Amino acid sequence: MRTQPLNWVSGIYSRIQPRKHFEVFSSNGFPLNAVSVQDEQVPLTELGSGETTVSITVIGASGDLAKKKIFPALFALFYEDCLPENFVVFGYSRTKLSDEELRNMISTTLTCRIDKRENCDAKMEHFLERCFYHSGQYNSEDDFAELDYKLKEKEGCRISNRLFYLSIPPNIFVDVVRCASLKASSTSGWTRVIVEKPFGRDLESSSELTRCLKKYLTEEQIFRIDHYLGKELVENLSVLRFSNLVFEPLWSRNYIRNVQFIFSEDFGTEGRGGYFDHYGIIRDIMQNHLLQILALFAMETPVSLDAEDIRNEKVKVLRSMRPLQLEDIVLGQYKGHSKGAKSYPAYTDDPTVPNGSITPTFSAAALFIDNARWDGVPFLMKAGKALHTKRAEIRVQFRHVPGNLYKRNFGADMDKATNELVLRLQPDEAIYLKINNKVPGLGMRLDRSDLNLLYKAKYRGEIPDAYERLLLDAIEGERRLFIRSDELDAAWALFTPLLKELEEKKIAPELYPYGSRGPVGAHYLAAKHNVRWGDLSGDD
């Protein structure tokens with residue numbers, strides 16, 4: 001793929017004209033029927049009449065991620081007329097399937113979930129007609145050459161743009177990229193590759209993976225996907241901060257006491273323990289999802305909404321972070337628990353988990369950013385499986401009001417008087433601000449109230465899945481929500497020394513019951529920094 005003049009081709013042909021004549025916007029706010037040439041928006045009609053086509057190949061098409069997320073996301077984009085007029089979808093895996101068998105397999109997961117328009121069945125049929133399958137080995141150049149032949153048959157004489165989605169284990173990334181590069185890359189348009197996490201286990205393995213990929217791809221062709229960056233509330237984080245005067249002046253150590261990034265699942269590994277045990281909760285959730293959100297939250301105002309400007313600011317945040325120490329982290333692992341007549345298994349009861357495993361299923365960490373804006377502000381992360389609830393949220397706790405006239409009304413617990421901004425990513429997306437308010441009636445009784453934007457109440461349409469936004473951005477060439485290699489290096493540089501120390505010293509996790517609020521150590525960690533976890537206050 002390196003042999004093709006992809007930089008200028010990508011710049012000209014990366015913007016795709018929608019199927020209908022209305023504006024569809026990518027995540028940077030620009031319409032998809034425009035292209036960016038040196039930051040200037042130019043209509044496609046001015047670039048010549050060469051017809052283009054987009055070929056999307058899902059590598060690992062028979063896997064769960066492809067069936068449950070990727071194919072449904074592609075159909076949702078087609079349903080909303082966001083895909084170009086000329087497109088084709090190919091599934092590729094080792095499983096022997098015919099085109100019809102692939103269509104039958106993925107049709108069970110396709111839904112017209114956005115609304116119930118009468119043409120749903122017809123749309124589904126038309127989408128499935130564009131889906132084809134090729135069976136082959138992941139390390140076979142001959143099999144990818146056959147895929148290339150089939151792609152060319154469907155593309156005809158149009159300018160060919162090709163997107164490969166690697167929905168496969170990381171140990172075969174390089175084999176697939178090598179074969180696709182040498183035998184199935186586009187010779188007339190762009191070629192892009194979406195890579196799913198995990199991107200290595202530490203800084204060394206991640207850097208080696210990047211080095212191997214760059215033998216065949218340029219950095220501009222690699223789209224490292226973190227689906228949390230495609231979630232609606234994460235997208236709205238920058239809008240909330242940078243386009244509302246009420247928040248931007250408060251976004252610093254002067255007014256913010258602490259920030260919390262919370263991820264919890266109410267189920268365990270459920271048969272995926274073999275995969276999970278190799279990585280653990282820190283690598284699976286904290287080093288990528290939560291750290292990426294932290295970088296977006298804490299970054300300085302970028303020069304523009306251009307992908308490189310935003311990613312430059314994120315890298316600055318990651319490089320400013322204080323090295324993590326053992327005392328900054330708490331580990332936990334869920335144990336068996338009985339509630340009434342129902343019994344819940346321990347992590348080590350999972351048959352795919354090695355006996356005596358000390359892999360953490362829960363972790364809490366205190367991080368600090370050593371720069372002028374955030375000096376001294378604790379950024380707390382918490383992630384765990386088999387907890388009491390399923391949620392993902394960002395909680396911003398503001399400082400106490402100096403000389404609060406109403407402190408007698410709050411009693412000794414001034415935390416109850418703290419304003420708090422909450423962005424709930426799941427479930428039931430919402431933004432709410434906790435404020436102090438007088439309860440109606442005689443006397444002076446104060447209460448905490450919520451100024452609440454509940455998305456499902458305000459916006460009637462269903463929120464697109466994160467994979468839809470990220471796939472559309474990859475087709476369109478918008479890299480803002482994808483991870484650059486130096487971002488990845490900076491993220492691993494923060495966590496790798498800690499992870500190595502944990503493994504060398506074989507630090508055993510604190511056990512917590514399945515369905516509980518997690519290990520007690522997490523509360524001590526927060527208290528050490530004069531913080532109370534916002535999700536445990538009981539008033540949400």
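Any chance you could check the Cα centroid distance between the stretch 160-197 and the stretch 474-540 for me, in angstrom?
Value for the Cα centre distance between the two parts: 31 Å.
At 222 nm, what value in deg cm²/dmol follows for the chain if DSSP H runs of at least 4 each add -39500 (n - 2.57) and the sum is divided by all its residues, to the nearest 500? The partial results should precede the final answer.
Values: 16 runs with 162 residues, N = 540.
About -9000 deg cm²/dmol.
Cα-based Rg (one decimal) and Dmax (whole number) for the stretch 179-250, in Å?
17.7, 54
How about the stretch 450-540: which trypsin sites (Lys or Arg not before Pro) there lie in a loop by DSSP and see at most 14 other Cβ atoms within 10 Å?
Values: sites: 456, 458, 460, 469, 479, 480, 484, 500, 505, 506, 517, 528, 532; in loops: 460, 479, 480, 484, 506, 517, 532.
Passing both the DSSP loop test and the Cβ count: 460, 506.
With the cut-off at 21 Å, tell me which of the pairs 152/183; 342/506; 434/456; 183/214 have Cα atoms farther apart than that.
Numbers: 152/183 12 Å; 342/506 33 Å; 434/456 19 Å; 183/214 16 Å.
Violating the 21 Å Cα-Cα cut-off are 342/506.
Where does each of 243-255, 361-373 land if you order them by average Cβ count within 10 Å, highest first?
On the way: 243-255: 11.9, 361-373: 21.2.
Per-residue Cβ counts within 10 Å, averaged per peptide and sorted highest first, yield 361-373, 243-255.
Ratio of Rg to Rh for the chain, alpha carbon only, Kirkwood?
Values: Rg = 24.6 Å, Rh = 25.1 Å.
We get a ratio of 0.98 for the chain.
When 1/r is averaged over all different Cα pairs and the result inverted, which Kirkwood radius in Å belongs to the stretch 459-532?
Numbers: mean 1/r = 0.0584 Å⁻¹.
Final number for the Kirkwood radius of the stretch 459-532 is 17.1 Å.
Only Cα pairs under 8 Å and at least 6 apart count here; give the relative contact order of the chain as a rounded whole percent. Intermediate results must be reported in sequence, preceding the final value.
On the way: 976 pairs, mean separation 93.7, N = 540.
Contact order relative to length: 17 percent.
When only the heavy atoms of the protein chains count and the probe is 1.4 Å, how do 173, 242 rank by accessible area, highest first? Walk me through the numbers on the way to the answer.
On the way: 173 0, 242 70 Å².
Ranked from most to least accessible, the order is 242, 173.
Using only alpha carbons, build the gyration tensor for the stretch 174-331 and give me the equivalent ellipsoid semi-axes, biggest first, whole Å.
Working: eigenvalues 189, 111, 45 Å².
Semi-axes (√(5λ), whole Å): 31, 24, 15.
Averaged per residue, what accessible area in Å² does the chain show with a 1.4 Å probe, protein chains only?
Details: 23910 Å² over 540 residues.
Spelled out: the 1.4 Å probe surface of the chain, per residue, equals 44 Å².
Roughly what % antiparallel, to the nearest 5, for the DSSP beta bridges in the chain? Write down the numbers at each step before the final one.
On the way: 49 of 88 bridges.
Just about 55 percent of them are antiparallel.
At what distance in nm do the modelled label points of residue 250 and residue 104 sit from each other, each positioned 7 Å from its Cα along Cα→Cβ?
Going by the 7 Å Cα→Cβ label model, 5.8 nm.
What is the distance, in nm, between label points placed 7 Å from the Cα along the Cα-to-Cβ direction at residue 96 and at residue 404?
About 7.1 nm separates the two model spin labels.
Accessible surface of residue 220 in the full protein assembly, 1.4 angstrom probe, to the nearest 10 Å²?
Accessible surface of residue 220 is approximately 90 Å².
Could you check the simple spin-label distance between residue 343 and residue 435, using points 7 Å along Cα→Cβ, in nm with one decimal?
Distance between the two pseudo-spin positions: 5.3 nm.
Cα centroids of the stretch 384-402 and the stretch 117-145: how far apart, whole angstrom?
42
How much length is gained on full extension from residue 242 to residue 373, taking 0.36 nm per residue of separation minus their Cα-Cα distance?
On the way: separation 131, 0.36 × 131 = 47.16 nm, distance 1.54 nm.
Gain on stretching residue 242 to residue 373: 45.6 nm.
What FRET efficiency would be calculated for the residue pair residue 81, residue 442, taking the C-beta separation as r and a Förster radius of 41 Å, to the nearest 0.05? Kindly include the intermediate steps, with their values, before the conclusion.
Details: r = 59 Å, r/R0 = 1.44.
It comes out at approximately 0.10.
If you rank 453, 229 by how much accessible surface each has, with a 1.4 Å probe, what is the order from largest down? Working shown, then result.
On the way: 453 55, 229 0 Å².
Solvent-accessible surface, decreasing: 453, 229.
For the cross-link pairs 339/505; 96/231; 154/458; 123/154; 123/390; 314/385, which exceed 31 Å when the distance is taken from alpha carbon to alpha carbon?
Values: 339/505 35 Å; 96/231 34 Å; 154/458 43 Å; 123/154 20 Å; 123/390 34 Å; 314/385 28 Å.
The answer is 339/505; 96/231; 154/458; 123/390.
Report, to the nearest whole %, how much of the accessible area of the stretch 178-220 belongs to carbon and sulfur atoms, 1.4 Å probe, protein only. Don't jump to the answer; show the numbers that get you there.
Details: 820 of 1590 Å².
Here carbon and sulfur together make up 52 percent of the probe-accessible area.
If you check each cysteine of the chain for another cysteine whose beta-carbon is under 4.7 Å away, which ones come up empty?
Flagged as lacking a Cys partner: 82, 131, 157, 179, 212.
Full-extension gain between residue 505 and residue 119, please, as 0.36 nm times their residue separation minus the C-alpha to C-alpha distance. Intermediate results must be reported in sequence, preceding the final value.
Values: separation 386, 0.36 × 386 = 138.96 nm, distance 6.02 nm.
The span from residue 505 to residue 119 would gain 132.9 nm if fully extended.
Report, largest value first, the span of the C-alpha coordinates of the stretch 52-196 along each principal axis, in whole Å.
Each principal axis gives a Cα extent; for the stretch 52-196 these are 44, 32, 25 Å.
What dipole magnitude, in Debye to the nearest 20, does the stretch 52-196 give about its Cα centre under +1 on Lys/Arg Cβ and -1 on Asp/Glu Cβ? Kindly include the intermediate steps, with their values, before the conclusion.
Values: 19 positive and 21 negative charges, 58 e Å.
Here the size comes out at about 280 debye.
Measure up 215/500; 382/500; 68/382 against 25 Å on the Cα-Cα distance and list the ones that go over.
On the way: 215/500 28 Å; 382/500 20 Å; 68/382 27 Å.
Beyond 25 Å: 215/500; 68/382.
Could you state the number of Å between the C-alpha centres of the stretch 282-298 and the stretch 69-92?
Using only Cα atoms to place each centre, the spacing works out to 29 Å.
The values are calculated or read from the model by the stated rules, or taken from the named source; none is laboratory data. Note that the coordinates shown come from a computational prediction; the quantities given were computed from them, not determined experimentally. Methodologically, a virtual Cβ is constructed for each residue, glycine included, from the backbone with ideal geometry; neighbour enumeration extends over all protein chains shown. Calculation scope for accessible area: heavy atoms of the full protein, side chains included, ligands and nucleic acids excluded. Shrake-Rupley method; radii C 1.70, N 1.55, O 1.52, S 1.80 Å.
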